[in-house]
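Comments concern the structure below.
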Amino acid sequence: MLAAKIVLAAHLAPFGDEAWYWQESRHPAIGYSDLPPLTAWLIAAGEALFGHGVLAMRAPFLALGALLPLLIVRIACDHFDEADAWRAGLLALGLPLLGMLGIFALPDVPLTFASALALLAVERAARTHRLRDWTLLGIALAFAWLAHYRAGMLLAAGLAFFALTPRGRALWRDPGLWLALAIMCLGIVPTVLFNAAHQWAALDFQLVQRNPWRFHADALVQPLEQALVCTPLFYAMLLWALWQTWKRREQAAPWDLFLCCAAVPILAYFVFGLFADDTRFRAHWPLPGYLPLLVVLPVLLRESKVAAWFRIATFALLALGSALVFAYLGMAAIPGGADALARMKAFPQQFVGWREAAAETRTLLDQPRFVNSILVADNFMLAAELDFVLDASRPVYTLDHPINAKHGRAPQLAIWQRDEAGLRARGAGRPILLLVEPGARRERERAEWLQTLCSRVADLAPVARLDAYDGRKRYRWYAGTVAAADNKESSPDCVAAKP
């Protein structure tokens, strides 16, 4: 599986978010408007070691993803026999959400790794009271806070253990717990300093802008989403393991801790999802809650009367689910694969089109008329992809596209002065080459967005167009000049209004 992941990581084009994190890695900082800094730091480390490229960018994430199943084995070995421990590690490889971890340079990779490391450390610290175990817990939690704001759920799970279980309440008097919390705070400091210096932009996005904070009934389908991404029978088996862990909670170690670390993320994310962001992919949110269930599942199955046919069907479907995920990504990585997926109504929208658009952009930039032009993209993902392909050889600016704000990237673009304000401040009156991706907006919003380009770019004139994958990926290139802030041109005959 690791070999397959390396091949995929070397051939899959970075999708928009990945390219953005790479762009952040080229602007070293203690925080960013969408995330804490660890993802960007890991990407920078990968490229510092192996040079610029998709595999180098993803190398640290591949390493963390490869270590995760071994951490699951290590946790299980502390309580159960070695055979059951290795079975737990195999289950971690088989779960699609975990098996593919590391192929992409995403914050969930270090966050999930930190979750497993924290589970190992807190379980050992609760038994041994050794300072080295408490120190490891603090480091793991600091690592999690540097990765993502969802590290707060690890604190919630820990609080449940320390407040609701007899064994946990006794640990409040252990000085090692306070040492761990003190070390953890070191991981929060960069995020606090960044937010304090930028009007709390990142917290505002994570807690306010992206969440409606009102009940939406469509989120009740979350268990069905989890059943789909975990495979249905295995998801049922995980919930059964959660129930069995609840029944054994009176046996103390490790069942009381594993129950809290599993139940709190799974249940809290379900309730949270009923009121929070429902427009972005979130099936990976409960993943830390599945880790302790993977540890105990082999033991529970060995001691239970679960029918053999159900076990065989469950693991066969789990293997099939993982194989389908890898096959899908493999198809997206090879020439012609995306077209085949499109015929099956599974077009890999996020992974294709970038390379063709970048190649055409390179060709245009090599022409004498565009040698001195400023390169501009109409949204942050497209700009990040161009920047990645060009290896930051020239600045790429971004228009103030609605998705920039939707994904919390608009404040960061302003900090870098790569937004429209920065473009006007640095390039007033200069020629530009503008690349537009009409498909970045919904069908009913495209004409209106394209029409606004007339007031954003002066002297707009079409240069080239690309319709790839039977028109599923469309790009338009325009020449123009940087418009003044008060440019009001919006004629109905504007070329940008013609998709």
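Computed from the coordinates by the stated procedures, all read-outs in this text should not be read as laboratory data. What you see is a predicted model; the values in this text were computed from it and never measured. In this analysis, Cβ positions are derived from the backbone assuming ideal geometry, glycine residues included, and neighbour counts consider all displayed protein chains.
The percentage of C-alpha pairs in segment 24-175 whose separation is greater than 26 Å is 33%. Taking a spot 7 Å from the Cα of Arg167 along the direction of its beta carbon, which residues of segment 66-105 have an amide N less than 16 Å from it? Output list for this probe position: 75-81. Arranged from fewest to most other beta-carbon atoms within 10 Å of their beta carbon, Trp213, Trp134 become Trp213, Trp134. Here the Debye sum runs over all C-alpha atoms of segment 354-497 as equal scatterers in vacuum, and log10 of I(q)/I(0) at q = 0.10, 0.14, 0.15, 0.21 Å⁻¹ comes out as -0.29, -0.60, -0.70, -1.53.
Within the chain, DSSP assigns beta bridges of which about 70% are antiparallel (rounded to the nearest 5). Remark on Ile374: its backbone amide H falls under 5 Å from those of Ile432, Leu433, a criterion applied only to residues 5 or more positions apart or on other chains, H modelled at 1.01 Å from N.
At q = 0.24, 0.27, 0.28 Å⁻¹ the log10 of I(q)/I(0) for segment 286-346 amounts to -1.00, -1.11, -1.13, computed by Debye summation with a single uniform scatterer per C-alpha, solvent ignored. Counted residue by residue at 0.36 nm each, then reduced by the alpha carbon distance between them, the extension gain from Arg302 to Phe281 reaches 4.1 nm. By the beta-carbon count within 10 Å of each Cβ, the least crowded to most crowded order of Leu120, Leu390, fewest first, is Leu390, Leu120. Placing one equal scatterer on every Cα of segment 193-294 and applying the Debye formula, the log10 ratio I(q)/I(0) at q = 0.14, 0.24 Å⁻¹ is -0.65, -1.19. Neighbour counts of other Cβ atoms within 10 Å put Val192, Val299 in the fewest-to-most order Val192, Val299. Over the chain, the pair-distance histogram of Cα-Cα distances with 10 Å bins from zero comes to 4, 17, 27, 25, 15, 8, 3, 0 percent, rounded to whole numbers.
From the Kirkwood radius over Cα pairs of segment 12-87, Stokes-Einstein at 20 °C and 1.002 mPa s returns a whole-number translational diffusion coefficient of 152 µm²/s.
For the chain, lysine pairs separated by 8 or more sequence positions, or belonging to different chains, with Cα-Cα distances below 19 Å total 4. Of the complete DSSP H runs in the chain, those spanning 27 angstrom or more by Cα along the long axis with a mean Kyte-Doolittle score not below 0.0 are 54-77, 108-128, 175-197, 308-333.
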